[in-house]
Amino acid sequence: MTIQAQRSEHPSWAWILANAAGFAMGGAIAGAVALAALDPLVGTVASQLSAAAALAPVSAVSSGLLGTAAGLLQWAVLRRRSSATVWWIAATAGGWAAGGAIAGTLGGFLSGTVTHVGLGMGVQGYLLGLVGGVVAVGLVPGVLQSLVLRHHVDSLTWSVTHLIALGAGFLVAFPVMLVVATLLRWSLPSLEAWAVAGLLMGTVFGILTWRVLERALATRA
């Protein structure tokens, strides 16, 4: 087989496209749900504890929806190349939901100064909550997914890769989303803003994670 033929059959494009589409669709759904749930909370929650209690389930549900969409399309690609079962979808959705619950809890205690849900701890608190939330959503799904991929890739390797890839995707997507949302006067969160962020994040995530998956699937085949 020629190098050109090998490249034409390379499945990386399918993985990248699946992540871009899954994150975008999941982001749109999650953004719409988050906007509807958060709007009544703005300016009405008096304490950090109450804010954490209110934001944790909202973030868990919205993140879980994003994870479900992403996990479904990821599995559609992986099942052709590995022994990944439908448990991949459950691991991804559950991991995103759990990570989202942690992110929501941190946001309730730390981010109220910016989000206006709870008292918050200034801009520094918002940034700290944002970083903690990204780490939670980056790490927990990767750990659960590694249980499904345990026959193909080392659990620590995949967990760290997932965290780094999601963090990199967030660093690309977040500022772009803020600029686009400001220019087009979109609410944050919103269906449109989170769809744009999801598209960018999923693309970066797909590019960075495929190399690890490719080596693992080729080695353990």
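The values are calculated or read from the model by the stated rules, or taken from the named source; none is laboratory data. Given the structure is predicted, the values throughout are model-derived calculations rather than measurements. Note that we place each Cβ from the backbone using ideal geometry, even for glycine, and neighbour counts take in every protein chain shown.
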> Are there any pairs, at least 6 apart or on different chains, whose C-beta atoms fall under 9 Å, with the first in the stretch 184-198 and within 10 Å of MET25 (Cα to Cα) and the second at pLDDT below 95, and if so, which?
Replying inline: TRP194/LEU188
> Does GLY43 qualify as being buried (at least 20 other Cβ atoms within 10 Å of the Cβ) and either at pLDDT below 95 or within 20 Å of GLY133 (Cβ to Cβ) (or both)?
Replying inline: no
> Would it be correct to say that SER59 is surrounded by 20 or more Cβ atoms within 10 Å (Cβ to Cβ), modelled with pLDDT of 95 or more and either over 22 Å from LEU191 (Cβ atoms) or not hydrophobic (A, V, I, L, M, F, W, C) (or both)?
Replying inline: yes
> Restricting attention to the stretch 41-89, which residues are hydroxyl-bearing (Ser, Thr, Tyr) and over 21 Å from the mean Cα position of the chain (by Cα)?
Replying inline: THR44, SER47, SER50, SER82, SER83
> Could you say whether any residue in the stretch 94-115 is within 30 Å of LEU213 (Cβ to Cβ), free of Cβ contacts under 8 Å to residues at least 40 places away in the same chain and hydroxyl-bearing (Ser, Thr, Tyr)?
Replying inline: no
> Here is a list of conditions, (1) over 18 Å from GLY100 (Cβ atoms); (2) assigned to a helix (DSSP H, G or I), and TRP194 meets all of them except one; can you say which number that is?
Replying inline: (1)
> From the residues in the stretch 184-221 that are at pLDDT 95 or above and charged (D, E, K, R), which one is surrounded by the most Cβ atoms within 10 Å (Cβ to Cβ)?
Replying inline: GLU192
> Here is a list of conditions, (1) farther than 19 Å from PHE23 by Cβ; (2) assigned to a helix (DSSP H, G or I); (3) not polar (S, T, N, Q), and GLY167 meets all of them except one; can you say which number that is?
Replying inline: (1)
> In the stretch 62-102, which residue that is assigned to a loop (DSSP other than H, G, I, E, B) and among the hydrophobic types (A, V, I, L, M, F, W, C) is modelled with the lowest pLDDT?
Replying inline: ALA84
